[in-house]
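The values are calculated or read from the model by the stated rules, or taken from the named source; none is laboratory data. Since this is a predicted model, take the numbers as computed values, not measurements. As a convention, Cβ positions derive from the backbone with ideal geometry for all residues, glycine included, and neighbour counts pool all protein chains shown.
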Amino acid sequence: MVPLLVLVAIVVLLGLLIVGAYNRLVALRQNVGAAFADIDVQLKQRQDLVPNLVETVKGYAAHERGTLDEVTQARAAAASAGDLAAKAQAESALTGALGKLIAVAEAYPDLKANQNFLQLQGELSDLENKIAAARRFFNNAVGEYNASIQRFPAVLIAGMAGFAPRDFFDVGADRAALNSAPQVKFS
Amino acid sequence: MPALGLQTYIWNNNIRSGLLLLGFPVLLLGMVFCLTLGMIWGGLLPPGDAYGGAAAYALHLMIVDAPLALVAAGVWFVIAYFFNQTIIDFATGSRAVTRDEERDAYNLLENLCISRGLTMPTLRVIETDGMNAFASGVHEGRFSVTVTRGLLQALDRDELEAVLGHELTHIINRDVRTMVVAAIFAGIITLICQIIYRSIMWGAVGGGGRGRRGNVGIFLLVALAVGAIGYVLAIVIRMAISRTREYVADAGSVELTHNPDAMISALQKVAGHTHLDAPQSMRAMFLEDDDEGIMGLFATHPPVDKRIAALTQYAGGRIIPPAPASPPAQASPSTPPSDPPPAGPAGPWGQRRDAPPGPWS
């Protein structure tokens, strides 16, 4: 009787451990998903900002067609990018193009004095900061999730239940540019 | 399980708080057990041979008495629970502000609440230069977040958001309630200790008119030891819970704002400027309280450099060199260890230092 009870207790305990470990993994995966949705919201907002910015610059510097087209194309590419890696690449291209656009705007005193432009620029800088923060939070969550599914007891469950490792939101060479908002000086 | 990131770190600290909280009833029952044993040895209770020795008899008595003790604790809890709200309302002396008065702080707090689907707590301000903040309230829907004027002036937007996120996490986690429970348990144990102490004093003065004086000395000795140990342990556990809740609130703030750097720089700014007139029992709720006490064991808050180290290690924060006015803490690791912490209760919250082995070890 006693050995049977011990056995039952062990089985129940084991079951609880498995349920607990599984639920932890689910929660961590959920965190990654939520963190990604957060980045996505910020990226979308930046994409929505671009047409306004382009229109404003166009009013003063219409012949900077090359830079303007680059921004518009980068925006379109970013908006249609599918998976994570493509998204990261398209977004970093957009960041570069926007940086160039702002640099070009430096040469136009009238544009620099435009209230609308200043406001858009402020919003852009704010968004870049938020994107950088959201991206770091996402990568932190991914790192935690990936490490968790590779640890010993959990790796068994992760393998059976299909918890696959996730990619980081890696912006590669432009990482430094994304980490800090573009510095704009009015001199 | 080791902390691998923000979420596992929060889980670990929550488990730790739970175990510490569990330490109170264990401590209470342990004290009752030891006292009973002392009474048996001292000849105040029958030796209990029928139960197979003094220890077994004491255990039996304890099990019989336990429900009674727990009911008494429950009644005390209910009374103190409601009384606590009144004390907090009275002691804070803060003023509730509207959106128009403190637009920035109000909007930040409201946005944080919206992101978590919370009813917004009342925002209160204390007009003082000290930089501090606390969350209060025990009842649903009557929470408030209080900040000082000094804090509003010294912190920038991101830092203020981080602080509000910290306090909001206290509310989300119902930490005030946890601390009330801890305070009540500690109060019960303190009361028992005082009863022991006073009855020994009275016994000594009254001369103990009983005939059976034989081993009463042993009982007194045991009672004194139990009282002293229980008294210290109760406070140590209570403060340890308070410290784990601070770590969780820091992490929760990062979870809300996604900005570990702002939390770090806010902590760096307030460190050393947190003075705020308040009763001792309220300090545990503050954003930061640098009344360290002996060896940090009786501190309500972990040292700032430990909190910052935790934020860099688990939340991906970066230490930005603090303002030149405040020298950087030596103990703070400028290069955060990149390897995961060793298994077991190590890591930045495993800061027991030279704590006596308590019921939670």
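Could you give every pair whose Cβ atoms fall below 7 Å, whose first residue belongs to the range A:51-69 and is within 16 Å of A:Leu118 (Cβ to Cβ) and touching a residue at least 24 places away in the same chain (Cβ under 8 Å), and whose second residue is in a helix (DSSP H, G or I) and acidic (Asp, Glu), counting only separations of at least 6 or pairs across chains?
Once the first residue is within 16 Å of A:Leu118 (Cβ to Cβ) and touching a residue at least 24 places away in the same chain (Cβ under 8 Å) and sits in the range A:51-69, its partners that are in a helix (DSSP H, G or I) and acidic (Asp, Glu) give A:Tyr60/A:Asp110.
The rows are residues; the columns are (1) within 11 Å of B:Val222 (Cβ to Cβ); (2) touching a residue at least 12 places away in the same chain (Cβ under 8 Å); (3) in contact with a Pro (Cβ under 9 Å, 6 or more places away or on another chain).
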{"position": "B:Leu28", "(1), (2), (3)": "no, yes, no"}
{"position": "B:Thr36", "(1), (2), (3)": "yes, yes, no"}
{"position": "B:His60", "(1), (2), (3)": "no, yes, no"}
{"position": "B:Val64", "(1), (2), (3)": "no, no, no"}
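If we scan the range B:120-138, do we find a residue that is free of Cβ contacts under 8 Å to residues at least 12 places away in the same chain and not acidic (Asp, Glu)?
Yes, the range B:120-138 has at least one match.
For the range B:218-235, give me each residue that is more than 12 Å from B:Gly30 (Cα to Cα), surrounded by fewer than 18 Cβ atoms within 10 Å (Cβ to Cβ) and of a type outside the set (Gly, Ala, Ser).
Listed by number, the residues that qualify are B:Ile218, B:Leu221, B:Leu224, B:Val232, B:Ile235.
Consider A:Thr67 carefully, then state whether it is at pLDDT 90 or above and surrounded by 13 or more Cβ atoms within 10 Å (Cβ to Cβ).
Working: at pLDDT 90 or above: no; surrounded by 13 or more Cβ atoms within 10 Å (Cβ to Cβ): yes.
Considered against the rule, which asks whether it is at pLDDT 90 or above and surrounded by 13 or more Cβ atoms within 10 Å (Cβ to Cβ), A:Thr67 comes out as no.
Within the range B:45-61, track down each residue that is crowded, with 19+ Cβ neighbours inside 10 Å and closer than 19 Å to B:Leu27 by Cβ.
Scanning the range B:45-61 gives B:Ala58, B:Leu61.
Among residues belonging to the range B:253-287 that are closer than 12 Å to B:His170 by Cα, away from every other protein chain (no Cβ under 13 Å) and assigned to a helix (DSSP H, G or I), point out the one that is modelled with the highest pLDDT.
In this case the residue turns out to be B:Ala284.
How many residues are surrounded by fewer than 14 Cβ atoms within 10 Å (Cβ to Cβ) and among the β-branched types (Val, Ile, Thr) when one looks only at the range B:114-131?
Within the range B:114-131, residues that are surrounded by fewer than 14 Cβ atoms within 10 Å (Cβ to Cβ) and among the β-branched types (Val, Ile, Thr) number 2.
Spot the failing condition for A:Phe138; the list is (1) without any contact (Cβ under 8 Å) to a residue 40 or more places away in the chain; (2) touching a helix residue (DSSP H, G or I) at 6+ places or on another chain (Cβ under 6 Å); (3) within 14 Å of another protein chain (Cβ to nearest Cβ), and only one is missed.
(1)
Of (1) charged (D, E, K, R); (2) within 25 Å of the chain's Cα centre (by Cα); (3) more than 14 Å from chain B (Cβ to nearest Cβ), A:Arg24 satisfies all except one. Which?
(3)
For the range A:107-126, give me the residue count where each residue is touching a residue at least 40 places away in the same chain (Cβ under 8 Å) and either crowded, with 19+ Cβ neighbours inside 10 Å or away from chain B (no Cβ under 14 Å) (or both).
Number satisfying all stated conditions: 12.
Considering only the range A:143-152, how many residues are facing another protein chain (nearest Cβ under 9 Å) and either on the phi > 0 side of the Ramachandran plot or surrounded by fewer than 17 Cβ atoms within 10 Å (Cβ to Cβ) (or both)?
Count: 1.
What are the residues in the range B:96-127 that are outside any helix (DSSP H, G or I), within 26 Å of the chain's Cα centre (by Cα) and basic (Lys, Arg), if any?
B:Arg124
Condition check ((1) buried (at least 20 other Cβ atoms within 10 Å of the Cβ); (2) within 14 Å of chain A (Cβ to nearest Cβ)) across all residues:
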{"residue": "B:Leu4", "(1), (2)": "yes, yes"}
{"residue": "B:Thr8", "(1), (2)": "yes, yes"}
{"residue": "B:Asn14", "(1), (2)": "no, yes"}
{"residue": "B:Ser17", "(1), (2)": "yes, no"}
{"residue": "B:Pro25", "(1), (2)": "no, no"}
{"residue": "B:Met31", "(1), (2)": "yes, no"}
{"residue": "B:Thr36", "(1), (2)": "yes, no"}
{"residue": "B:Ile40", "(1), (2)": "yes, no"}
{"residue": "B:Gly43", "(1), (2)": "no, no"}
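Of the residues that make up the range B:234-248, is at least one at pLDDT 90 or above, assigned to a helix (DSSP H, G or I), under 30 Å from A:Val41 (Cα atoms) and within 14 Å of chain A (Cβ to nearest Cβ)?
no
One line per residue, one yes/no per condition, for (1) of a type outside the set (D, E, K, R); (2) surrounded by 12 or more Cβ atoms within 10 Å (Cβ to Cβ); (3) within 14 Å of chain B (Cβ to nearest Cβ):
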position: A:Leu17; (1), (2), (3): yes, yes, yes
position: A:Leu28; (1), (2), (3): yes, yes, yes
position: A:Ala35; (1), (2), (3): yes, yes, yes
position: A:Arg46; (1), (2), (3): no, yes, no
position: A:Leu49; (1), (2), (3): yes, yes, no
position: A:Val54; (1), (2), (3): yes, yes, no
position: A:Tyr60; (1), (2), (3): yes, yes, no
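Go over the candidates A:Ala86, A:Ala81, A:Ala77, A:Ala97 one by one and state the one that is over 18 Å from A:Val54 (Cα atoms), touching a helix residue (DSSP H, G or I) at 6+ places or on another chain (Cβ under 7 Å), small (Gly, Ala, Ser) and more than 14 Å from chain B (Cβ to nearest Cβ).
It is A:Ala81.
Picking from A:Asp167, A:Asp69, which residue would you name as being within 20 Å of the chain's Cα centre (by Cα) and away from every other protein chain (no Cβ under 14 Å)?
A:Asp167
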